[in-house]
Structure formats: C-alpha cells, structure tokens
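Undergrad: Got a structure for you, questions after.
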Amino acid sequence: MSSYDFEQDLRDRMRERAAVIDRTISPAPPLRTLLAGRPATGRARMSTRLGLALAVATVAAATVAVLALATISGPPLSHGLAPSSPLSSVTPSARPPITTLAPTPSPSTEPSEPTKSPPPTVSAGVLNVAVASAQGDASTLAIGGGRTASPWR
Amino acid sequence: LRVAEASPARTLESDAAFEQIYLAAWPRLCRYAWVLVRHHEDAEDVAAEAIRRAYAAWQSGRGPAADPIPWLFLIARRVVIDRNRRPVLPWCRLSRADDPPAPADSLGRVEAAVWFDQLRDCMSPRQHEAIVLRFLFDMGDDQIGRIMGLSPAGVRTNVSRGLAALRKRPEVLDR
C-alpha cells in the first residue's frame, strides 16, 4: 500500500466516523440566545430541565408528606364527642389509666448525717399546748372504736 | 457625535458578519469539541462557550486575522483546557477523551468513540490531535500550528510520527 493510499484510507475512515457524530449535533441556536448565556445547548440545557423536574418532584413529595403527617399525627381533640357535649359526660373509660408507681428506694435517700443546727428553743408554755393537742388526737381515735380513722372517709 | 452615529450601523454590520461565521462554523466547531471531550452535550457546551468568547473578542477588535475556523478552534481548545483545570465537583466536571462513552449515546456514536479511542491509543495526544486536524478537518501546517501552539515543522513531525505509529498497527483502521 502506498503512502498516499494509506493517508486517503485514514481520511475516509475518519470522515465516515465523524459523519455519525455530525448527524447528532443540534442545529445552531440563534446567536442572540447563545450570547445571552441562556442554556440553550448541551449539558447546560439538560441540567436546567433536570433541575426543573427535580424541583417539581420535591415540591410534590413535600406536599404529600405534609398531608400524610397531618392525617397520621392524631385524631382531633373532640374525638367521639359531639362538639356541644359537656365535659362531665366523658365516660371514665375514656380517661387515660393512671399508672401507679411503686416507691423505689433511691440510693440518694440514704440517711445522711444531719446537719448540725442549733437546738430549737421552745418555751415551756408552747410545749404544754403541743402535748395537750397530741393527747386530744389520741382520744379521738379511741372514740372511733379503735379503728384507724382516715381523713378521706 | 460622529462615532455615536456611526457605531450602531457598524455594530449591526459586524454582528451580521459574525453571525455568518458562527452559522458556518457551528457543525465543525461541535465536531472538533467532540473530538476533544468525547461527550455530546459537553461538546455543545464547549462550542457555545467558544462562540461567546469569540464574540467578545470580535467586539473588542480582536477578530481572526484570516480564516476564522482555526481561530474558533483555538478558542474551543482553550475552553477545554480551562474547564479541565478548574476545580469542580466530580459529577460536574467536563468529560475527557479517555472517559467511557455516555450511556445515552447511540450505538453509532459509541462505535465512533471507540474507533477514535483506538486511534489515540496508538500515538501520543499531540500526534493524535495533529492527525485529526490534518485528515478530518483538512487543515494546513500553519493552521494546525496556530491551534496547537507549534511551528509548522513541529506539526509535520507530529503528523509523520503519528502516521508511522498507525502504519505499525493497520488493524486499528479496520475496526
């Protein structure tokens, strides 16, 4: 193969491949559009469209999420009640159960050494009144038949 | 006042002349940009940026001395170099010639990309560029030298060495 033939062969094959590329090139956009810097060509145009689609999808997803949260997050406060029914008509079962907690000894409640404070100075008169009051309570309990009287009964 | 009166007409005339150059050069400019970046959308972006820069130069009186095609190619080449130097996020960077073809490319484009890849693998990047400019765009030594920043003798050296490398592997052309 002569040198000329080889170069001509290379030229032909190169143009054959380049023709494939040429077919997919977009027509030239208007010069004004191109100079204005608007993304009228190539990846810039593609990314603009993609960004727009992404923004719309994000807004739609956010709306759906807000609606779903509003539906799930809880029934309205007047659930099961007519708007005009009084509060007293609420049945006890509607109340939330009150959990009773067993008293647990806390390690921090260990008896600590009492702080030294000056002993209370009580006058003799006041002490007598206190003793008499205590005796009175004891007699009240005896009147009740020996049963422990509860102040809540 | 005379300048102010004359400038709108001159600008319109100048814009019309530039638009003619632009319309005539667009397909070849995109093809050259594709050879440089090997990505369809990137190539169009590079071509558009090159036209913007060329218009700015044209407006400031730094137009082409003779043939506008080598002038536009040189600007496109600088755009590619600038973008590859600029630090950008990995997914925003300009594709390069050694990147795999984009998944959205048609079969014909992928085949063409693979063929140019094999051609480039046979020789150095400078030799490849000189060969492409010579045989795909029919440019002379002076024009290629202006684009690549080489002397005409340097262009001839690169072309002949590239051809010699190709002759050693003629099967590349048949693929």
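Throughout, read-outs are computed from the coordinates displayed, never taken from laboratory work. From a predicted model like this one, the values you see are computed outputs, not experimental measurements. A quick note on method: Cβ atoms are made from the backbone with ideal geometry, for glycine too, and the neighbour counts reach across all protein chains shown.
Undergrad: Two-decimal Rg/Rh of segment B:130-175 from alpha-carbon positions, Kirkwood Rh?
TA: 1.03
Undergrad: Packing-wise, with mean Cβ within 10 Å as the measure, how do A:7-20, B:131-144, B:37-50 rank, highest first?
TA: B:37-50, B:131-144, A:7-20
Undergrad: Something else now. Can you give the mean number of other chain Cβ atoms that lie within 10 Å of the Cβ atoms in peptide B:21-30?
TA: Per-residue shielding by partner chains comes out at 4.
Undergrad: Across the residues of B:135-145, average count of Cβ atoms on other protein chains within 10 Å?
TA: 2
Undergrad: Considering only the other residues whose Cβ falls under 14 Å of the Cβ of B:Ser151, what net charge follows from Lys and Arg at +1 and Asp and Glu at -1?
TA: +1
Undergrad: Give me the inter-chain shielding for B:38-51: mean count of other chain Cβ atoms within 10 Å, whole number please.
TA: 6
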